[in-house]
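The values are calculated or read from the model by the stated rules, or taken from the named source; none is laboratory data. Nothing here was measured: the structure is a model prediction, and the numbers come from that model. When we count neighbours, we look across all protein chains shown, and the Cβ atoms used for this are built from the backbone with ideal geometry, even at glycine. What goes into the accessible areas is simple: the full protein's heavy atoms, side chains included, and nothing from ligands, DNA or RNA. Shrake-Rupley method; radii C 1.70, N 1.55, O 1.52, S 1.80 Å.
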Amino acid sequence: MRDQSTLKPASHAAQAIADLWWILFVVSVIVFFVVVALLLVGVLRRRGGGEPDRSTSRGATKFVAIAGVVVPAVVVISLFFASVATLPAVSPAGKNARMTIDVVGRQWFWDVYYRSRSIRTSNEIHIPVGVPVEIRVTSDDVIHSLWVPRLNRKIDVIPGQTSSVVFDANKAGVFRGQCAEFCGVEHGNMALLVIAEPQTRFDRWLTNEAKPAPASAGLSAFVGSGCSGCHAISGAPQQSRFGPDLSHFGLRQTIGAGTLTNTPEQLADWIRDPQRIKPGNKMPKLGLPEPEIQALVRYLESLQ
Amino acid sequence: MEAHVERLEKVWAEPAGIVSFLTSVDHKRIGIRYLFTAFAFFVAAGIEALVMRAQLARPREGLVSPETFDQLFSLHGTTMIFLFVTPMLSGFGNYLVPLMIGARDMAFPRLNALSYWIFLASGLFIYSSVPFGLAPNDGWFNYVPLSEKAFTPDKNIDFYALGLIFITISTTAGAANFIVTIFKLRAPGMSINRMPLFCWAVLATSFAVIFALPSLTVANTMLELERNWGFHFFQPAHGGDPLLWQHLFWIFGHPDVYIIFLPAIGIVSSVVPVFSRRSIVGYEWLALATVLTGIVGFGVWVHHMFATGLPQISMTFFSAASFMIVIPSGIQIFAWLATMLTGRPVLKTPFLYVLGFVVVFVIGGLTGVMFAAVPFDQQTTDSYFVVAHFHYVLFGGAVFPIFAGVHYWFPKMSGRMYHELAGQVSFWLVFVGFNLTFFPMHVSGLLGMPRRVYTYPSGLGWDAYNLLSTIGSGVLAAGILVIVLNVLWSLRRGAPALSDPWGGNTLEWSTSSPPPHFNFPVIPIVRSADPNWDLEDRRQDALRLERGELLLVDGHQTLATTVLEGEAEEELHMPSESIWPFVLALAFSVVFFGLLLHLYGVATLGCILVAGSIAGWHRPQRELQDQ
């Protein structure tokens, strides 16, 4: 499955953070073993107790001054500079971002906008490889945090504030991310996928996404079952933004912000009782008859 | 001599029975109550943690509902911070500070009783939410806007916000009491540079409490005004800002880490010299490091907010301050190591827990340094890496020393020895269980697992680490169970303890185990930082008792001394037992339940009761002068 590891960077920024981690890790291991060695020597060398020794030892005090002040000061000042040197790699977009994608955190899914192309999608962000993309985030409800560890640091998604982070994938792949700030009962099921693909494939995807769904019997069923009260499909008469956008849903890899894999069987399960699968999410159990569910599944999976 | 002691017994004796239970102002009884009550909350929070670990043992486990899980982790954090560690260390402070400085009680004994009763009442207030399924559910730092009425309409958050405002009264009163006690009631000759390091720690902590808690109270008051009275401090749509809550919370929250940690290292500094059989190395350095930690701790709160999109230049400042906090910790670690290296250590249970503390705390400190590095923090904050980090700091930094303290002072408090073998078994179970529980969380965090998720899919490489953590939590729980059984068994069957079973260096070991109500038959006179190792001075105390000097037997009396030099100033008359602290705590409970249930008539009645209880408290009373 898609990796979410901070130690498998797929961008310059994530690489810089991982490098910083390895520096911090090595320094920490050395310090740890020095302290433990001193501790073991201290405890095991001369055991036995006896009358208390009340002498003051100038050597011991000097040891505290050097090992406890001078050495740590040198170490942390070096680490501070290593940290500062990493900052530019993870800074918000400068002038170099060549594209902007807006992401709105919602309880409990990700609303994704490519505004220049009037595209709305959800829980999946497609980006071209090798192109710095500015991801601008804000929230409609509570605080979330957008975290795709293989691409960059996390950025909190705060209502009333727009922040940004850069995704600049240096290899193609599917990178999983997840909400990292507790945002309510389904915080645990608020994942997203970032799909980095070569520019030509990305452009094809973008062109395809921009196409509205044709009017069809399936679309009427979608509207008739009440789905369009919350979900939008481009080309449909009603465009509610309450729930995730379902345009081109058939191309998506997951259901319910990473809760299920997008297969016809799992989609049917989801429509039958979303509250059993993702308790507390905002989609009610509609109690639709089975043939209607199957028709909706066929329709949604056909939206390519 | 016998006559003097008899007279002290008579003056300080408290009546028996239930009335005495409610009216006692003896700092030792109050201290022990603090310890037992806080430990009960520890057990509750531990059970909450075990349920969470069971839920997370494997992917897509369905043991508890998401809503229940949210209440579990919120209650776990809130309990551990506010109802266990802080009051547990208050318990040690209460019991030990007067004994260590040679006083007969805290400076304000009735205020001390009030602190305990309010702690108990506010703890019960918060836990009264549990039977209704309305426990706090937005985490222990309770971020807005999630905790606003629009997103959490039920009373979960009102239990949290009002409960924390309530407990603040207790903590603040306790801190004021400690400051005055430590400044004014030290034995003659105990100048501030001879004061036990534990008292330095309690002093620094108390100042931190006084300056940090108002921020928490303000934040929670604003939140209650928003939730119930239509105010808009945090709502962007009305010109507010959700980050205001985070600033207010962490201006309290980060110093609170040191409020938790400092008294614990005070315990470490008490145990290390006694079991290393030498005076502590670098006393002045340690005292200074303690104070410095308390101060610098106020300058680092923004490192909890590095991912919020603040300007890089301000983050760099807070990053530098956070790196700087390493220095005082370095001083402490190496002063303890130097003491051990130049001593002749004795490996008894309290010392084992201290050694475990050093190992665990160094790991927590090192990951703490990592979080001072802004980019690394932004990557791993709110992941399981941070869960691992703060458990290494808080469990390692505070709970290991607490367990050291429990064993170290058990003979003093109970008059009996604990079972040494059981103590050592408990240490190894706790040490192994702790590391097995929390070390794998570093890895799951680096592999991208966010905290506070009630479940996770398989296939992300997290499964094995989560299972290890769950197994570890069982081992850890077994270790804690051994401690409980050891304490319960030893209270009845333990060998009788001498007044000084360890060869301790501080004054609590110079009086009997357990100490009499009046602590010391004669106020000791001190000439060094290790007064109980000054055998000649202690012999002089005994001689003065025979001669009848400095006995202070006319009522509840103790000696006030000057702040710096510790020169005798005046004899103080202390208040004796009283029912009013208990009544006042009840009256406050009426206020807070009234506010919780929106019964404003009841809340008003509560305010009247509070005013009445304070009046009753201050009614002049005849001192027990007995002739």
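Straightening the chain between B:Gln540 and B:Glu570 buys 8.7 nm, computed as 0.36 nm per residue apart minus the Cα-Cα spacing. Here r is the Cβ-Cβ distance between B:Ala54 and B:Ala615 and R0 is 41 Å; the resulting FRET efficiency, rounded to 0.05, is 0.20.
Using Cα pairs closer than 8 Å and at least 6 residues apart in sequence, work out the relative contact order for segment B:533-627, in percent. For segment B:533-627, the relative contact order is 21 percent.
Relative to a virtual label point 7 Å from the Cα of B:Phe21 in the Cα→beta-carbon direction, which members of segment B:411-427 show backbone nitrogen distances below 12 Å? It comes to no residues whatsoever. Along segment A:188-197 the Karplus relation, 6.51 cos²θ - 1.76 cosθ + 1.60 evaluated at θ = phi - 60°, assigns HN-Hα couplings of x, 10, 9, 9, 8, 10, 9, 10, 9, 9 Hz to successive residues, with x for each Gly and Pro.
Rounded to the nearest 20, the Cβ-based charge dipole of the protein assembly as shown about its Cα centre (Lys and Arg +1, Asp and Glu -1) stands at 1660 debye.
Placing unit charges on each Cβ (+1 for Lys and Arg, -1 for Asp and Glu) gives segment A:12-90 a dipole about its Cα centre, and among A:Gly50, A:Val36, A:Phe25 the Cα reaching farthest toward its positive end belongs to A:Gly50.
When Rg and the Kirkwood radius Rh are both evaluated on Cα atoms of segment B:169-314, their ratio Rg/Rh stands at 1.11.
Helix B:535-547 and the long axis of chain B differ in direction by around 50°, with both axes built from C-alpha atoms.
Placing one equal scatterer on every Cα of segment B:1-86 and applying the Debye formula, the log10 ratio I(q)/I(0) at q = 0.12, 0.25 Å⁻¹ is -0.57, -1.13.
Please compute the Kirkwood hydrodynamic radius of the protein assembly as shown from all pairs of different C-alpha atoms, in Å with one decimal. Its Kirkwood hydrodynamic radius stands at 29.7 Å.
Dividing the helix sum by the residues of chain B, where each DSSP H run of 4 or more adds -39500 (n - 2.57), gives a mean residue ellipticity at 222 nm of -21500 deg cm²/dmol.
Hey, could you get me the Stokes-Einstein D for chain B, Kirkwood radius over alpha-carbon pairs, 20 °C and 1.002 mPa s, rounded to whole µm² s⁻¹? Translational D for this selection: 85 µm²/s.
Compute the angle between helix B:349-372 and the longest alpha-carbon principal axis of chain B, please, reported from 0 to 90 degrees and rounded to the nearest 10. Here the helix axis deviates by roughly 40 degrees.
Peptide B:62-68 has a mean of 3 when you count, residue by residue, the C-beta atoms of other protein chains within 10 Å of its C-beta. Split the accessible area of segment A:83-226 by element, probe 1.4 Å, and carbon with sulfur accounts for 51%. The calculated FRET efficiency for the pair A:Asn170 and A:Val74, based on their C-beta separation and a Förster distance of 30 Å, comes to about 0.30.
With the Kirkwood sum run over all distinct C-alpha pairs, chain A has a hydrodynamic radius of 22.5 Å. By the helix-only formula, in which each DSSP H run with n ≥ 4 contributes -39500 (n - 2.57) and the sum is divided by residues, chain A has a 222 nm mean residue ellipticity of -11000 deg cm²/dmol. Once A binds B, the 1.4 Å probe can no longer reach about 7300 Å² of accessible area, counting both sides. Relative to the compact-globule scaling 2.2 N^0.38 Å, provide the ratio for the alpha-carbon radius of gyration of segment A:91-249. This ratio for segment A:91-249 stands at 1.05. Solvent exposure of the protein assembly as shown, expressed per residue, is 35 Å² of accessible area, with all protein chains present and a 1.4 angstrom probe. Helix B:420-446 axis versus longest C-alpha principal axis of chain B: approximately 30°, rounded to the nearest ten.
Rounded to whole numbers, the Karplus 3J(HN,Hα) couplings from phi for segment A:256-272 are x, 6, x, 6, 10, 7, 7, 10, x, 5, 5, 5, 4, 4, 4, 5, 4 Hz, using 6.51 cos²θ - 1.76 cosθ + 1.60 with θ = phi - 60°, and x at Gly and Pro.
The magnitude of the dipole of chain B, with charges of +1 and -1 set on the Cβ of Lys/Arg and Asp/Glu and taken from the Cα centre, is near 960 debye. A DSSP coil position with no more than 12 other Cβ atoms inside 10 Å describes the following chymotrypsin sites (Phe, Trp or Tyr not before Pro) in segment A:146-253: A:Phe242.
Taking 20 °C and 1.002 mPa s as conditions, segment A:12-90 diffuses translationally at an estimated 137 µm²/s according to Stokes-Einstein applied to its Kirkwood radius (Cα pairs).
Rounded to two decimals, the Cα radius of gyration of segment A:1-147 over 2.2 N^0.38 Å is 1.72.
Rolling a 1.4 angstrom probe over segment B:19-82 with all protein chains present gives an accessible area of which 76% lies on carbon and sulfur atoms. Residues of segment B:555-598 falling in the label zone of B:Arg7, defined by backbone nitrogen less than 18 Å from a point 7 Å along Cα to beta-carbon, are B:555-559, B:571-574. The value for segment A:194-288 of Rg(Cα) / (2.2 N^0.38 Å) is 1.16.
Please report the spacing between the Cα centers of segment A:157-228 and segment B:2-38 in Å, no decimals. Their Cα centres are 67 Å away from one another. Global dimensions of segment A:88-159 from alpha-carbon coordinates: Rg and Dmax equal 12.0, 33 Å. Note on B:439-452: average number of Cβ atoms from other chains within 10 Å of each residue's Cβ is 5. Solvent-accessible area assigned to carbon and sulfur over segment B:434-521 amounts to 71 percent, based on a 1.4 Å probe.
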